[in-house]
């Protein structure tokens, strides 16, 4: 918007992300908020590095999370292992297609979209944002909102493992894929938390000032 | 002078807090993120939501959620029991801990901290650990996932329907209410108003 509006950083102020108080910035970047005691930083510390680290780890683990089985079902007759996708297929073929869609979206689409979106945000900040700051901020807000829903399959697994322990109809045990999947969910949440959306606007401000001359 | 201005948490723009009419919220004039909601001096509403949620949460933790029955044998699951069942499996300790953390510990912490703050303020004194409680609330917020667990419960029931008889437990009936009350309590909890009470004390 208006080019003459100041950010807190430009005005020499440190905003507290916990309680919202603005403090005057001293020379050090590691002060504590005088009202709530939380650590104050101009921007989230090592935001891009941390976000990339968590993101890359999540992307690597996304492969075993989807390829390896997340649970094994044993009955007197046979035993069978299920991946996330075969769980969705089971729901679909047993006629619960609305739930099949929900699980597919929460377990497969959401993590993938989250990782791609985080990558978009990170690359945008690295390359310098000229337009679309608002859309990128909205994308970030969306990420914060949907990330938790990927835990769905972990809860389903936990409930099945708890309930299905009877000899008459078998036993459900978790398999290694579940661990990888849980790690993907946690890592993408951590990556989202590490990313500082204010960097999008900082980058746009830099482009606005210096970008055109170079 | 500094207190007359606020900085947007998502784009850092410094701005004067816009005055609020009824049923409106203040948004950043650059990135439109939510700056704050109107301050409600009356804390009875968030207190009522929080206490209802806390009661339902205790019930949801004590009683079984669902049971499974086949040929005279049966099993039941409680909220903590599901985390425990995972924890006891080989190599699944971390996953069990994650389930416990997101469905029991974090919601429990949130409800305890909110009850502590709101009850203290309601009886007219500023709680001693106000800053700590508000910081904990802020820190754990992304990790409370009761609503996701409830959806997971629904899916599990559908998956087991054909295999055995699913017996609803007492706690199952509280989950619908718990879902709404936790959401209402968190939405109506106004940390900004409580911080300004803290300012008055100084």
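Which shape class, rounded, prolate or oblate, goes with the protein assembly as shown when its Cα gyration tensor gives a ≥ b ≥ c as root eigenvalues, a/c under 1.5 marks rounded, and past that a/b bigger than b/c marks prolate? Each step should come with its number before you reach the end.
Values: a/c = 2.54, a/b = 1.53, b/c = 1.66.
Oblate, since a/c reaches 1.5 and b/c is not below a/b.
Quick check on the exposure proxy: order A:196, A:202 from fewest to most C-beta atoms within 10 angstrom.
The most exposed by this proxy come first: A:202, A:196.
Rg over Rh for region A:1-151 works out to 1.14, using Cα positions for both radii and the Kirkwood form for Rh.
Shielding by partners for A:125-136, please: the mean number of other protein chain Cβ atoms within 10 Å of each residue's Cβ.
Values: counts 0, 0, 0, 0, 0, 0, 0, 0, 3, 5, 0, 1.
The per-residue average across the peptide is 1.
Output the direction-averaged projected area (hull surface divided by four) of the convex hull of the alpha-carbon atoms of region A:81-214, in nm². Display every interim value, and only then the final one.
Numbers: hull surface 39.8 nm².
If you wrap the Cα atoms of region A:81-214 in a convex hull and average its projections, you get 9.9 nm².
Fewest neighbouring Cβ atoms within 10 Å first, the residues A:148, A:24 line up as A:24, A:148. Between residue B:34 and residue B:91, the contour length at 0.36 nm per residue exceeds the alpha carbon distance by 16.3 nm.
From the helices alone, meaning DSSP H stretches of at least four residues, give me the mean residue ellipticity at 222 nm for chain B, per-run term -39500 (n - 2.57), in deg cm²/dmol to the nearest 500. Walk me through the numbers before you get to the answer.
Details: 8 runs with 111 residues, N = 202.
Value at 222 nm, helices only: -17500 deg cm²/dmol.
When A:210, B:36 are arranged by Cβ crowding within 10 Å, least crowded first, meaning fewest neighbours, the order is A:210, B:36. Simple spin-label estimate for residue A:78 and residue A:43 gives 5.6 nm between the two label positions (7 Å along the Cα-to-Cβ direction from each Cα). One chain, two ends: residue A:209 and residue A:17. Fully extended at 0.36 nm per residue, the span grows by 66.4 nm beyond their Cα-Cα distance. For the pair residue B:136 and residue B:44 in one chain, pulling the backbone fully straight at 0.36 nm per residue adds 30.9 nm over the alpha carbon distance.
Take each residue in B:100-110, count the other chain C-beta atoms within 10 Å of its C-beta, and the mean is 1. Modelling each spin label as a point 7 Å along the Cα-to-Cβ direction, I'd like the residue A:85/residue B:27 distance in nm, to one decimal. With each label point 7 Å from Cα toward Cβ, the separation is 4.0 nm. Taking 7 Å steps out from each Cα toward its Cβ at residue B:112 and residue A:144 produces label points 2.6 nm apart. For chain B, averaging the sequence separation of C-alpha pairs within contact (under 8 Å, six or more residues apart) and dividing by the residue count gives a relative contact order of 26 percent.
Each value in this text was obtained by applying a stated rule to the coordinates, not by laboratory testing. Worth saying up front: this structure is predicted, and the values here are computed from it rather than measured. Neighbour counts run over all protein chains shown; Cβ positions are idealised from the backbone, glycine included.
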